[in-house]
1. Considering the stretch A:81-101 alone, what residues qualify as being within 15 Å of the chain's Cα centre (by Cα) and either buried (at least 20 other Cβ atoms within 10 Å of the Cβ) or farther than 19 Å from A:Ala132 by Cα (or both)?
2. Looking at this structure, is A:Arg142 within 21 Å of the chain's Cα centre (by Cα) and basic (Lys, Arg)?
3. Any idea which of (1) in contact with a strand residue (DSSP E or B) (Cβ under 8 Å, 6 or more places away or on another chain); (2) part of a helix (DSSP H, G or I); (3) hydroxyl-bearing (Ser, Thr, Tyr) is the one A:Ser257 doesn't satisfy?
4. Being small (Gly, Ala, Ser), in contact (Cβ under 8 Å) with a residue 12 or more places away in the chain and more than 17 Å from A:Gln117 (Cα to Cα) is the filter here, so list the residues in the stretch A:55-75 that pass it.
5. Before we move on, is A:Val169 without any contact (Cβ under 8 Å) to a residue 60 or more places away in the chain and buried (at least 22 other Cβ atoms within 10 Å of the Cβ)?
6. Among the residues of the stretch A:82-136, write down those that are over 30 Å from A:Ile13 (Cβ atoms) and small (Gly, Ala, Ser).
7. Hey, A:Glu207 hits all of (1) within 14 Å of chain B (Cβ to nearest Cβ); (2) modelled with pLDDT under 95 but one; which does it fall short on?
8. Just to verify a result, which residue in the stretch A:215-236, among those that are small (Gly, Ala, Ser) and without any contact (Cβ under 8 Å) to a residue 60 or more places away in the chain, is surrounded by the fewest Cβ atoms within 10 Å (Cβ to Cβ)?
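The values are calculated or read from the model by the stated rules, or taken from the named source; none is laboratory data. The structure displayed is predicted, hence computed values, not measured ones. Here the Cβ is made from the backbone with ideal geometry for all residues, glycine too, and neighbour counts use every protein chain on show.
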Amino acid sequence: MGRWYKENSNNSIVVSSRIRLARNLSGMPFPSRMNDEQREKLKQTVKSAIEESNTPFAKLLKYIDMSSVPENEVMAMVERHVISPEFAKSVKNRAIILSDDESISIMIGEEDHIRIQVILQGLQLEKAYDIAERIDSLLYERLHFAFDSQLGFLTECPTNLGTGLRASVMLHLPVCEAQGEIQSLSETVGKIGFTVRGMYGEGSKSEASLYQVSNQITLGLSENNAIRNLEIITNQIIEKEMKLREELDTLKLEDLSYRALGTLKYARIMSSKEMMNLISKIKLGLDMGIIKEEINPIELLVESGPFMLMSKKGEMTAKERDIERATELRKKMT
Amino acid sequence: MKCEKCGKNTATTHIKSIVNGVAKEINLCSLCAANEGYGNISNVGLAGMLASMFGESLQSVNENIGVKCSVCGATFSNVAKTGKVGCAECYNTFKNELLPYLKRVHGSTVHAGKVPNSAPLIVKPIQKTVDDLRTQLNRLISEEKYEQAAVIRDEIKRMEENSNG
């Protein structure tokens, strides 16, 4: 395994697969009704459960108290999809258990006591679930989870009740987007219990034509069925995007992707929005076999995020960041 | 048919409205329909949908507003406002109020996934005891809510028959 954005994917439309399991301990109120003392106890309980399990698996995981992480790095973790934007909003009394390659993260004290997340490059939902399930089992050997025989795993928000599973794929859909198909796609998958959202989840907009598709239904549907349904939907969306790509004018496409490549290689000032826009076009050019250079567009995109830059180089104004971003990209691409 | 607003995309939504007795019909593409506020419900965000659903239910189940969860102290009005329950026990306390909404959100009220099988788990079926139901029945009768009382009475009868048989 490795960082999802570092590995260049062969399946170009599916950028990453993510599994999230929501779990709560019994005998403790849910996070929004917890006091500081209970939050501290929660962190220590989960920490010892992992450490005491003593499995080779657990040795890969490291406990990090979020209050010890610098502010810019917290936001950079959001940009790397290690933590949710919701989790980053308040780091006080929150902790994370993280694997070296950041593919496994266990958020403690988010909307639920425990959120196990596994994120892998490309379409690997089953593998990601397999890993998440192993961590889940490892934890419940030592912890008392709130579980009800009728309602399943109990969660703070009733929308996660049952399996507590959110399976999602991040898709690059530049042509569907350009042709105004996202809205109808969203409506279609909405009817069968799935949702289409921007790159960073609920309410977020997509600048690089990256969209997340995930299940909404967690009660009355098994984990395997939810995942299988998402795979089927994903394959249908891929088919649609591919079909629309075939109808594109080759010369126009070449022009579009090479212009983007040229700008990214030689620009001196580059906003985050422009960078995302260009990377999307370059990725399309790469995936269509037009651009043949060794570039991992997703890695460039993630590493050019405002907080990724500042986490590395220190605090900067927006203007300084735009210059730094252009400089970094130029260095990496020439 | 093209969208009557943008004239570009294919119209997929037919909207019929009657304002001050005047009927109007228009065909829009999904994008323009969304802009006009006829979008898909999933786009308002699930929490919002839940809160609005709970809000609506508050009026119909207001006899339960005073009931507090014995573990965390949350009232149903807290749950309805935030779309979040206070603790695991809340699912027990507010079961009757929550079940119809779980059904609407998930299309089901019965878990079909993984069941943890290790010893430390507390598996507690959410099923009100006959005693709880009797208390509820008496309250409903004293409030002259006979229709709801009849439902509870039948449930008690069924539970007693099950345990005797």
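1. If the condition is that a residue be within 15 Å of the chain's Cα centre (by Cα) and either buried (at least 20 other Cβ atoms within 10 Å of the Cβ) or farther than 19 Å from A:Ala132 by Cα (or both), then A:His81, A:Val82, A:Ile83, A:Ser84, A:Pro85, A:Glu86, A:Phe87, A:Ala88, A:Leu98 are the ones that fit.
2. On the way: within 21 Å of the chain's Cα centre (by Cα): no; basic (Lys, Arg): yes.
Answer is no for this residue.
3. (1)
4. Residue satisfying the conditions is A:Ser67 alone.
5. Against the criterion (without any contact (Cβ under 8 Å) to a residue 60 or more places away in the chain and buried (at least 22 other Cβ atoms within 10 Å of the Cβ)), A:Val169 does not qualify.
6. Residues satisfying the conditions are A:Ser90, A:Ala95, A:Gly109.
7. (1)
8. The qualifying residue surrounded by the fewest Cβ atoms within 10 Å (Cβ to Cβ) is A:Ser222.
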